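Below: the structure, in structure tokens.
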Amino acid sequence: MNEERRQILQMLAEGKITADEAERLIDALEREQRESPPGAAPRPKPKYLRVVVSSADNFGGDGPGRVNVRVPLQLLRAGVRLTSLIPPQALTQVNEELNKSGVPIDLTQLKPQHIEELIEQLDDVTIDVDQPDAKVQVFCE
């Protein structure tokens with residue numbers, strides 16, 4: 001039994017995750033093992049979400065401009081885990097306030113495996129910008 005599978009089963013035994021969450025994590029491990037050819041080096045787990053925006057006209061100012069944001073993915077992962085500590089009544093209120101603010105996210109449905117699935121898909125992100133000379137890149141590193 002590989003180390004990751006043992007850790008998932010240990011978390012299940014300790015009550016840190018549900019049986020459904022354990023099943024999803026094990027399924028994700030199996031998918032990962034099927035997708036990587038035998039003998040191939042495992043793909044390193046990304047550590048940062050990088051957003052780079054560049055424009056030849058400095059976003060309306062003088063000279064070229066560039067915005068470079070690097071967010072630790074561990075911060076995102078920790079945030080997802082913290083939602084499990086919020087009481088259900090508070091989650092309902094938070095969801096209502098988020099919806100009023102135009103952010104239709106249901107925090108009760110946010111699970112750790114969702115953030116990992118999101119991170120896996122970030123290589124395919126495309127962003128359209130209204131300025132023809134502006135360029136936006138979103139990727140994990």
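Quick look at the numbers
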quantity: Glu32/Gln74 FRET efficiency (R0 25 Å; Cβ-Cβ; nearest 0.05); calculated: 0.80
quantity: Length released on extending from Val94 to Arg50, taking residue separation times 0.36 nm less the Cα-Cα span; calculated: 13.1 nm
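Taken together, the values in this text are just the output of simple stated rules run on the coordinates, not laboratory data. Just so it is clear, the model here is predicted, and its values are computed rather than measured. Every residue, glycine among them, receives a Cβ derived from its backbone with ideal geometry; neighbour counts consider all protein chains shown.
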